[in-house]
Amino acid sequence: MPISPKRALIVIDVQNEYFIGSLPIEYPPTERSLSNILLAMDTASASGIPVVIVQNSAPEESPIFAKGSDGWALHPLVASRSCQHYVEKMLPSAFSATDLMEWLTERQIDTLTVVGYMTHNCDASTINHAAHAGFKVEFLADASGSLSYKNQAGSASAEEIHRVFSVVFHSRFASVVSTKEWVDAVNVNQAIERDSIWRSYCRAHI
């Protein structure tokens, strides 16, 4: 009989910078991802799943996430909801130079559900860190988001970045589902399976 997961919801960097600041999330639209983040938070609270709010901080002279600035502040709808733990970080992974690992271990959490921003940066770093540490990870693809990039390596749209990272997560690092699918699984206290590198590769070559 499958063991029921002991989850924690990790709400990463849902800060004004991504809404009204200098790094507006492009895909999925923030009105969709924010509503799903709030649904995940409300579902977790109603189900006894601890909520961890993570906030990214940068030095006061930084053009983004300068501590104390309007862009640094949590989105008010997230800030108004209760959480069981708060993590301030200055690196992409919510585990790096924070007490998150200790907090989760003390509560015997074995499954992390990740929402927030950005899919390809702080979400990816946290997901990979968690997977390497032995946690099972769930990623709610419609409760997160990306923006477009262009640099010496090339360019990619926000949709491309978000989609490709989601596909890669599900092949090895996290179970990627919609918020609705996650809510349904929570309601019956059921684990969500991820795929594998081998199966993902084989499907691409059928």
inquiry  = Which count do you get for residues in the stretch 4-40 that are farther than 18 Å from Cys83 by Cβ, touching a Ser or Thr at 6+ places or on another chain (Cβ under 9 Å), touching a residue at least 60 places away in the same chain (Cβ under 8 Å) and small (Gly, Ala, Ser)?
reply    = 1
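Quick check on the stretch 42-68: of everything there that is without any contact (Cβ under 8 Å) to a residue 60 or more places away in the chain and part of a helix (DSSP H, G or I), which residue is farthest from Gln15 (Cα to Cα)? Give the steps one after another, and end with the answer.
Taking the stretch 42-68 as the starting set, the residues that turn out to be without any contact (Cβ under 8 Å) to a residue 60 or more places away in the chain are 42, 45-46, 48, 50-53, 55, 57-68.
Then keep just the ones that are part of a helix (DSSP H, G or I); that gives 42, 45-46.
Details: Asp42: 18, Ser45: 20, Ala46: 23 Å.
Looking at residues that are without any contact (Cβ under 8 Å) to a residue 60 or more places away in the chain and part of a helix (DSSP H, G or I), I get Ala46.
Here, each number is a calculation from the coordinates, and none is a lab measurement. Just so it is clear, the model here is predicted, and its values are computed rather than measured. In this analysis, Cβ positions are derived from the backbone assuming ideal geometry, glycine residues included, and neighbour counts consider all displayed protein chains.
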